[in-house]
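The values are calculated or read from the model by the stated rules, or taken from the named source; none is laboratory data. Owing to the predicted nature of the structure, the values given are computational and were not obtained by experimental measurement. All Cβ positions, glycine included, derive from the backbone under ideal geometry; neighbour counts span all protein chains shown. These accessible areas exclude ligands, DNA and RNA; they are computed on the full protein's heavy atoms, side chains included. Shrake-Rupley method; radii C 1.70, N 1.55, O 1.52, S 1.80 Å.
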Amino acid sequence: MTDHTVVGVRVAVHTGFRAARARLKMLARGGMLPRASEVAYGEGITGLAELAGPAAGLTRLADVCLGDLTETDDCAHIALRWEAIGADGKLFTALLADLMLIPAGNQVTALSVTGTYWPPPGRAGTGLGQAIVRRCATAVIGSFLDSVACELVHSAGIAGC
């Protein structure tokens with residue numbers, strides 16, 4: 001089994017691209033993206049602990065590194081890196097990915113994360129099949145994207161997520 005999995009998740013955001021791009025810039029500066037990362041990673045580790053045992057539950061997100069927002073007329077991009085502390089106390093990269101916004105219609109924007117996810121090393125990740133790691137990674141990234149999409153929609157004055 002490889003020690004990582006490639007993951008890609010996309011959601012539709014029901015707001016125009018320009019509004020979503022402007023709001024993403026504010027969210028990145030305001031600390032919302034690291035908070036959403038911490039919540040999503042914590043939820044994922046809780047689920048992983050049920051499958052892999054209690055050692056996985058000792059893993060915590062230590063740092064969220066965001067690249068600068070790069071923009072074109074039809075794309076907004078932020079590089080993401082999540083660093084976590086494993087059950088053994090060692091730092092490891094949990095996610096290297098790209099967060100992207102692209103227009104998907106008149107009042108619809110596609111929000112996606114594509115990248116590489118690593119489960120906790122050592123005993124915490126031992127015995128996990130590739131399918132389980134992929135499901136866990138997809139759930140973590142999906143939760144993160146749902147939080148970001150909700151903030152993008154709410155900030156545009158649209159009720160409900």
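Brief remarks on what is shown
- Taking all pairs of distinct alpha-carbon atoms in the stretch 25-113, Kirkwood radius in angstrom: 14.5 Å
- Comparing Asn106, Thr46, Ala87 along the charge dipole axis of the stretch 1-113, the residue lying farthest to the positive side is Asn106, per the Cβ-charge model.
- Largest to smallest accessible area among Met100, Met32, Met26 [probe 1.4 Å]: Met26, Met100, Met32
- Highest mobility in the GNM of the chain, judged by mean-square fluctuation with C-alpha springs under 10 Å and restricted to Ala19, Ala137, Ala110, is found for Ala19.
- Distance in nm between pseudo-label sites at Ala110 and Arg18 (7 Å out along the Cβ direction from Cα): 2.2 nm
- Note on surface exposure: Glu83, Glu50 rank Glu50, Glu83 by accessible area, highest first, 1.4 Å probe.
- Per-pair calculated FRET efficiency, R0 = 25 Å: Leu96 and Arg135 via Cβ, rounded to 0.05: 0.85
- With contributions of -39500 (n - 2.57) from each DSSP H run of at least four residues, the per-residue ellipticity at 222 nm computed over the chain stands at -13000 deg cm²/dmol.
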